[in-house]
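Participant: First the structure, which I've put down as structure tokens, then a few questions once you've had a look.
The values are calculated or read from the model by the stated rules, or taken from the named source; none is laboratory data. Remember, it's a predicted structure, so these values are computed and weren't measured experimentally. Cβ: placed from backbone, ideal geometry, glycine included. Neighbour counts: every protein chain shown. Side chains included, ligands, DNA and RNA excluded: accessible areas come from the protein's heavy atoms. Shrake-Rupley method; radii C 1.70, N 1.55, O 1.52, S 1.80 Å.
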Amino acid sequence: MPSPLTFDSIAAAVDLVLDRIPGTIVLGVPLGIGKPNPFINALYRRIKANPARRLRIITALSLEKPVGKSELERHFLEPLVERVFGDYPDLEYVKDSRGAGLPANIEVHEIFMKTGDYLGNGAAQRDYISSNYTHIARDMALQGMNVIAQAVAAHGDGDTFRLSLSSNPDVIFEGKEKFAAMGLPLLCIGVVNRQMPFMPNTAEVAPDFFDIVVTDPAGTHQLFGPPNSKIGAADYAIGLHSASLVADGGTLQIGIGSLGDAIAQALIVRDRHGAEFRRIMESICPDGVESRELGRFDEGLYGCSEMFVNGFLKLIEAGIVRREVFGDAALQRILNEGSGDATVTPQMLRALLDRRRIRARLDADDLAFLQHHGIFKPEVHLDGDDQLVCGDARAPNDLRNEAAFETVASAMLGSRLTHGIFMTGGFFLGPNDFYERLRTMPPQELAKIDMTRIDFINQLYGNEDLKRAQRRKARFMNTTMIVTLLGAAASDALESGQVVSGVGGQYNFVAMSHALPDARLIMMLRATHDNKDGLRSSIVWNYGHVTIPRHLRDVVVTEYGIAELRGQPDGEVVKRLLAIADSRFQDELVKQAKAHGKLAADYEIPERYRNNLPQALEDKLHPWAEAGLLPDFPFGTDFTEDELHIVRALKKLKHATQHPVELVSLAVKSLWEGKEAPHAYLERLGLADANSFKDMFVRRLFAGNL
């Protein structure tokens, strides 16, 4: 391939793109932190200023620094955002989309939105593309993509200069392949961001992978690092229940946020504090724990997840995610059928021979395979076609010859398999210390993490034998918003069709969970949700939109337990979901199910499921929080203690403003008690010099909630 054009100026690279593509520029960019924000902003500004040009952007998950919706929130967030997000540059198309709107000559199509951020935004809702993430390269082609750009990490200079696709090898490999196969031009641009962790393995590419490489220092900026969320009792209970479904020696997929952190912490408690874990589970499992997985992780887990999140990193550091997989189906199956130990043995070599993975008379490919995986020592070589040589040891090149095999086994085998991977991911997102850990991780540890293509992770098609061998006892954990009493799930949009987020990889993981013989799908949701319309059950009789149809139902988890739905008749599905619903809504759900003929007229919910209430759950988990096993922030937080106090008070205030009766009660209480907040808190919120009645009232309400 020809060497790429290298620019030390983003502006010059934009000039070239505008010159190369005279018509509409259709720009594809990966999701999350893989976006080269400074380049995108420069191109956006140029086209925004020139109505004669057109720009179409196809992407997913465009991230924006937090912006408060009220004056109080804005005052609180400003110093926090400056401290946590530093010089991260917001995407200008996001600002315009949320503000005055995009210019007429620019459109943005997302297949996954930041959760809830575009509800009611007509343009964003109309331009949303509903698609599985495995189809994004195809859909980019259908939209006419002619440029693809992403942020990359860099190492070395001159002849040693190398690039890494870092967080996002997810789309660009497939995109380039599809365009080459169709004979379509595609301008590929890599923008160096020195803050991106340099990820090895699949993510590492030569500079000529790109047509243009931009080395402008302006391309380097802090990565988007959302702070860890607090884990409440409901999320911890969901995490604990889910952790008790994970089999040792298996495969794990989890997502971001408080639920992902709750699962990771629950797995750590299970591994390190087995007796306490059992006691916790006994307290929250009305049907007992006999069917749950409660033991240590003696073999460990393999992480294979669309998103590589902070929880996975903590599980790696805890020694739980450590089951290595290898890039060869025959070798992987041999390991699966044995102890899973990566120690090289003569039996391993004989098994490869018996399965015809290698020939009795080794050729150059066989030798390369054996040495790549550490089965043969690096110094083993062929002397012609007839002799295997390693130092002073020589043997005929015929592994069916017992004497030759014995010589090879005693003198030429390595000690342990090499090039094993224990974490496979498509993209990552996490707090700042997550990125710093990846940037400073020792090379031998980083080599165990493979950031790779989304079509490899999210589906079985293509190299299926290898994927099936690696992904044994898989547990695919996904969050959802609503589950119907017949087992359908709504995860991406409201009944109205308004998109909350997107499908992402959820459907693919659902399909895999049914295609792999020992896998399970675990759909997690909080039993209730609260909004301006009041408290609502998240388990409902029916819903006007579904992401996952009922015939793909499997395991549903709420804070109140686990509903095993696979292979169950509708009536039993209804009963099992009622058992994990919030008790304040159970009677109405029973009434609806009976009215539609899905429950017998005389059915009553067993008494052991009739205390599914938040306070009862809090009481059960509180001792373990006090003991330090279930802390609010198990993996640390970017918030100071004072900020946490303020946040708690602001959340109570915000909740009250959506519920008038609660607001009146709160106001009376606050005015009666007459408390004052610390002056520093009032200064932080812009209330220190409150003069208007409104500000003074808010100041008193805030103080009353501290």
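Participant: Evaluate 2.2 N^0.38 Å with N set to the residue count of the range 294-402, then give the Cα radius of gyration divided by it.
Facilitator: Working: Rg = 17.6 Å, N = 109, 2.2 N^0.38 = 13.1 Å.
The range 294-402 yields a ratio of 1.34.
Participant: Apply the Kirkwood formula to the range 210-284: the hydrodynamic radius equals the inverse of the mean of 1/r over all pairs of different alpha-carbon atoms; give it in Å with one decimal. Walk me through the numbers on the way to the answer.
Facilitator: Values: mean 1/r = 0.0670 Å⁻¹.
Answer for the range 210-284: a Kirkwood hydrodynamic radius of 14.9 Å.
Participant: Next up: Using a Förster radius of 30 Å, what is the FRET efficiency between Lys95 and Ala688 based on their Cβ-Cβ separation? Nearest 0.05, please. Display every interim value, and only then the final one.
Facilitator: On the way: r = 30 Å, r/R0 = 0.99.
Calculated value: 0.50.
Participant: Given a Förster radius of 35 Å and the C-beta distance between Glu282 and Asp587 as r, what FRET efficiency does 1/(1 + (r/R0)^6) yield to the nearest 0.05?
Facilitator: On the way: r = 28 Å, r/R0 = 0.79.
Given R0 = 35 Å and the Cβ-Cβ separation, E is 0.80.
Participant: Right, something else. Could you grab the relative contact order for the range 479-638? Cα pairs under 8 Å, six or more apart, rounded to a whole percent. Each step should come with its number before you reach the end.
Facilitator: Numbers: 235 pairs, mean separation 32.9, N = 160.
Taking the mean separation of contacting Cα pairs over the length of the range 479-638, I get 21 percent.
Participant: Ratio of Rg to Rh for the range 50-127, alpha carbon only, Kirkwood?
Facilitator: Working: Rg = 14.1 Å, Rh = 14.0 Å.
When Rh is taken as the Kirkwood radius, the ratio is 1.01.
Participant: What order, most packed first, do the peptides 68-81, 132-145 have when packing is the mean number of other Cβ atoms within 10 Å of each residue?
Facilitator: On the way: 68-81: 15.4, 132-145: 20.6.
Peptide ranking by packing, descending: 132-145, 68-81.
Participant: Right, here's the next one. Do you know the relative contact order of the range 111-215, to the nearest whole percent, from alpha carbon pairs under 8 angstrom that are 6+ apart? Present the calculation step by step, with values, prior to reporting the outcome.
Facilitator: Details: 143 pairs, mean separation 30.2, N = 105.
Relative contact order of the range 111-215: 29 percent.
Participant: What is the gain in length, in nm to one decimal, between Ala52 and Glu607 on full extension, counting 0.36 nm per residue of separation less the C-alpha to C-alpha distance? Let's see the in-between values first.
Facilitator: Values: separation 555, 0.36 × 555 = 199.80 nm, distance 6.96 nm.
This chain segment gains 192.8 nm when fully extended.
Participant: May I ask you to work out the translational diffusion coefficient for the range 335-453 at 4 °C, viscosity 1.567 mPa s, via Stokes-Einstein with Rh from the Kirkwood sum over Cα pairs, reported in whole µm²/s?
Facilitator: Details: Rh = 16.3 Å.
Rounded to a whole number, D works out at 79 µm²/s.
Participant: Note down the nm distance, to one decimal, between modelled labels 7 Å out along Cα→Cβ at Ala275 and at Ser410.
Facilitator: 5.0
Participant: For the range 253-292, treating each Cα as an identical point scatterer without solvent, what Debye log10 I(q)/I(0) comes out at q = 0.17, 0.25, 0.27 1/Å?
Facilitator: Evaluating at q = 0.17, 0.25, 0.27 Å⁻¹ gives log10 I(q)/I(0) of -0.51, -0.88, -0.93.
Participant: Rounded to two decimal places and with Rh computed the Kirkwood way over Cα pairs, what is Rg over Rh for the range 175-228?
Facilitator: 1.06
Participant: Let me ask something else. Dimensions of the range 1-122 along principal axes (Cα, Å, largest first)?
Facilitator: 52, 32, 25
Participant: Over the Cα atoms of the range 407-538, each weighted equally, I'd like the Debye log10 I(q)/I(0) at q = 0.16 Å⁻¹, rounded to two decimals.
Facilitator: -1.04
Participant: Once neighbouring chains are kept in place and the probe is 1.4 Å, which whole percent of the accessible area of the range 563-664 is contributed by carbon and sulfur?
Facilitator: Carbon-and-sulfur percentage of accessible area, whole number: 53.
Participant: Do the sum for the chain: with -39,500 (n - 2.57) for every DSSP H run of n ≥ 4, divided by all residues, what is the mean residue ellipticity at 222 nm, to the nearest 500 deg cm²/dmol?
Facilitator: Value at 222 nm, helices only, nearest 500: -11000 deg cm²/dmol.
Participant: Could you tell me which of the pairs Lys114/Lys178; Lys48/Lys230; Lys448/Lys473; Lys314/Lys473; Lys314/Lys620 are separated by over 31 angstrom between their Cα atoms in the structure shown?
Facilitator: Lys48/Lys230
Participant: Related question: Could you work out how much longer the chain between Ser3 and Leu16 gets when fully extended? Use 0.36 nm per residue separation minus the Cα distance between them, nm to one decimal.
Facilitator: Result: 3.1 nm gained on full extension.
Participant: Still on this structure, I have one more. Using a 1.4 Å probe on the protein heavy atoms, what percent of the accessible area of the range 223-322 belongs to carbon and sulfur?
Facilitator: 43
Participant: Let me ask something else about it. Would you mind getting me the FRET efficiency between Glu676 and Glu78? Use the beta-carbon distance for r and R0 = 25 Å, nearest 0.05.
Facilitator: Step by step, r from the Cβ atoms, then E = 0.60.
Participant: In Å², and per residue, what accessible area does the chain have when probed at 1.4 Å with the other protein chains present?
Facilitator: Details: 29460 Å² over 706 residues.
Per residue, the chain has an accessible area of 42 Å².
Participant: What nm value, rounded to one decimal, do you get for the distance between Asp363 and Glu445 when each label is placed 7 Å out toward the C-beta?
Facilitator: Distance between the two pseudo-spin positions: 4.2 nm.
Participant: Highest mean first, what order results for 381-393, 161-173, 274-286 on Cβ atoms within 10 Å?
Facilitator: Those peptides, ordered most packed to least, come out 161-173, 274-286, 381-393.
Participant: Taking the dipole about the Cα centre of the range 382-423, with the C-beta of Lys and Arg at +1 and of Asp and Glu at -1, give me whichever of Asn397, Phe422, Val408 is farthest to the positive side.
Facilitator: Phe422
Participant: Arrange the peptides 95-107, 465-477 so that the one whose residues have, on average, the most other Cβ atoms within 10 Å appears first.
Facilitator: Final packing ranking: 465-477, 95-107.
Participant: While we're here: Restricting to the chain, what percent of DSSP beta bridges are antiparallel, rounded to 5?
Facilitator: 35
Participant: Also, quick follow-up: Of Leu267, Pro286, Met477, which is farthest towards the positive pole of the chain's charge dipole, taken about the Cα centre with +1 and -1 on the beta-carbons of Lys, Arg and Asp, Glu respectively?
Facilitator: Most positive-ward Cα: Pro286.
Participant: Diagonalise the Cα gyration tensor of the range 356-397 and give the resulting equivalent ellipsoid semi-axes, square root of 5 times each eigenvalue, largest first, whole Å.
Facilitator: 15, 13, 8
Participant: Now, a different point. Kirkwood Rh over Cα pairs of the chain into Stokes-Einstein at 37 °C, 0.692 mPa s: D in µm²/s?
Facilitator: On the way: Rh = 28.0 Å.
My calculation gives 117 µm²/s for D.
Participant: Same structure, new question: Run the simple label-point estimate for Ala600 and Glu618 please: 7 Å along Cα→C-beta, distance reported in nm.
Facilitator: 3.9
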